[in-house]
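Undergrad: If you scroll down you'll find the structure; I have some questions about it.
Since every read-out is calculated from the coordinates, none of them should be taken as a lab result. What you see is a predicted model, and the numbers here were worked out from it, not measured in a lab. Don't worry about glycine lacking a Cβ; one is built from the backbone with ideal geometry, like all the others, and counts go over all protein chains shown.
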Amino acid sequence: LFPYTTLFRSESAFQGCSKISILSIGNAVKTIDLQAFSGCSGLLSLKIPNSVNTISYGAFSNCWSLTSLTIPNSVTLIDEAAFFGCESLTSLILGNKVSSLGNNAFHWCNKLKSVTSLNKTAPTLGNSSFHHVEGAILKVPQNCVVSYINAGYLNYFENIEEIDPTGIQGVALDKKSNAPVYDLNGKKLKDPSKGVNIIDGKKVVAK
């Protein structure tokens, strides 16, 4: 347990501490500082409290053993390369106030299968924020798909799906209903056009 207000004023305070496996950060912490836990390759479990608002440059980069991650609603900024190279990460939940993802924030998290963003407005992407995250599905709140399309998320994700954020559960989609249809630029269409369309937040090819 690390109870301090800032982790840490000196850069790279616990960089390379590969024996750390479980990390619970105290609820007085507001900022996780530059490369504070970079290279903690044995880290299996990470709990970030609702007091944290900034995860700084490279804070958890190359934490190779981390498999799941929840960013609390208090966090607004995930800075450059914050989780770069977390190669075992398979699921990620971004809280509803995350507004900015820095360059390479989740670059080389190449085992990610599911990313859930609870913000109704798509967080701003930096360069290569999700580079090499092939085949992952992005889940966003209902009626927010266009915001994420316009913000460039389809450059990284296979599909964008709507969820009910109150329970973070997938919404059952009635294929017979008049589902909204968009082109790849986020423009709403009356009917599917020939080629790739976005229907119910998913890429659909109409012939």
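Undergrad: Between GLN142 and LYS97, what length in nm is gained on full extension when 0.36 nm per residue of separation is reduced by their alpha carbon distance?
TA: 14.6 nm
Undergrad: A further question follows. What is the set of long-range amide H partners of ASN62 at a cut-off below 5 Å, with H atoms built 1.01 Å from backbone N?
TA: GLY39, PHE84, GLY85, CYS86
Undergrad: Arrange the peptides 77-90, 36-49 so that the one whose residues have, on average, the most other Cβ atoms within 10 Å appears first. Provide the component values of the computation, followed by the final result.
TA: Values: 77-90: 22.5, 36-49: 19.5.
Order by mean packing, descending: 77-90, 36-49.
Undergrad: Among residues other than VAL140 whose Cβ falls under 9 Å from its Cβ, what is the net charge (Lys/Arg +1, Asp/Glu -1)?
TA: So the surrounding residues net to 0.
Undergrad: Taking θ = phi - 60°, what integer Hz values does the Karplus form 6.51 cos²θ - 1.76 cosθ + 1.60 yield along the stretch 88-97, in sequence order, with x for Gly and Pro?
TA: Each residue's phi maps through the Karplus curve to give 9, 5, 10, 9, 9, 10, 9, x, 7, 10 Hz.
Undergrad: How large is ³J(HN,Hα), in whole Hz, for each residue of the stretch 73-85 in order, when computed from phi with the Karplus curve 6.51 cos²θ - 1.76 cosθ + 1.60 and θ = phi - 60°, using x for Gly and Pro?
TA: Ordered by residue, 3J(HN,Hα) equals 5, 6, 6, 10, 10, 10, 7, 3, 6, 4, 10, 4, x Hz.
Undergrad: Quick one: which residues, 5 or more positions from GLU161 or on another chain, have an amide H under 5 Å from its amide H? H modelled 1.01 Å from N in the peptide plane, none for Pro or chain starts.
TA: LEU138, LYS139, VAL140
Undergrad: Can I ask one more? What does the extension gain come out to for GLU158 and LYS187, with contour length at 0.36 nm per residue minus their alpha carbon separation?
TA: Using 0.36 nm per residue and subtracting the Cα-Cα distance, I get 8.6 nm.
Undergrad: Could you give me the radius of gyration and the Dmax of the stretch 88-142, taking only the C-alpha atoms into account and expressing both in angstrom?
TA: Every Cα atom of the stretch 88-142 included, Rg and Dmax give 10.6, 29 Å.
Undergrad: Ordered by residue, what ³J(HN,Hα) values in Hz, to whole numbers, does the stretch 35-51 give under the Karplus form 6.51 cos²θ - 1.76 cosθ + 1.60, where θ = phi - 60° and Gly and Pro are x?
TA: 6, 4, 10, 4, x, 7, 5, x, 5, 9, 9, 9, 10, 9, x, 6, 7
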